[in-house]
1. Quick one: among ILE20, ILE39, ILE48, which has the greatest mean-square fluctuation in a GNM of the chain with alpha-carbon springs under 10 angstrom?
2. So, with +1 on the Cβ of K and R and -1 on the Cβ of D and E, and no other charges, what is the size of the charge dipole of segment 2-77 about its Cα centre, to the nearest 20 debye?
3. For an R0 of 22 angstrom, estimate the FRET efficiency from the Cβ-Cβ distance between ASP9 and LEU32 and round to the nearest 0.05.
4. Once phi is turned into ³J(HN,Hα) by the Karplus curve 6.51 cos²θ - 1.76 cosθ + 1.60 with θ = phi - 60°, what whole-Hz value does each residue of segment 27-36 show in order, with x for glycine and proline?
5. Given the options VAL47, VAL65, VAL22, which has the most mean-square fluctuation in a GNM of the chain, springs set between C-alpha atoms less than 10 angstrom apart?
6. Which chymotrypsin sites (Phe, Trp or Tyr not before Pro) from the chain combine a DSSP loop assignment with at most 14 other Cβ atoms within 10 Å?
7. In vacuum, with every alpha carbon of the chain counted as one equal point scatterer, what does the Debye formula give for log10 I(q)/I(0) at q = 0.12 Å⁻¹? Two decimals, please.
8. For SER19, list long-range residues whose amide hydrogen, built 1.01 Å from N in the peptide plane, is under 5 Å from its own amide hydrogen.
Amino acid sequence: MKVEIITPDYKVFEGEIKSIRVPGKKGSFQVLKDHAPIISTLENGPVIMVDQEGLETIYEINGGVIEVRMNKIILLAESVR
């Protein structure tokens, strides 16, 4: 899956991943390949990505929105720590 993590100031990450876990408004959820299309608001918390080699990368976000469509993920975060 292709993912982009973007803030109002800059692009934090762009690349291919195997999975992503995000802090949704009603609890965290994971997105895997061929996930159904979704748009969701996000809370403050960790975004955990697993790349093709199985390595985890963690970003702390301060709210935002995620869109998943046809194995492409766009995560718009208010800020990333």
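1. ILE39
2. Magnitude of the dipole: close to 320 debye.
3. Calculated transfer efficiency: 0.15.
4. Rounded to whole hertz, the list is x, 6, 8, 10, 10, 10, 3, 6, 5, 4.
5. VAL65
6. When the chymotrypsin sites (Phe, Trp or Tyr not before Pro) of the chain are filtered for loop state and at most 14 Cβ neighbours within 10 Å, TYR10 remain.
7. -0.27
8. Amide H neighbours of SER19, under 5 Å, 5+ apart: VAL50.
Every number in this text was worked out from the coordinates using simple rules, so none of it is lab data. Bear in mind that the values here come from a model prediction, so they are computed numbers and not experimental data. So basically every Cβ, Gly included, is an ideal-geometry build from the backbone, and we count neighbours across all protein chains shown.
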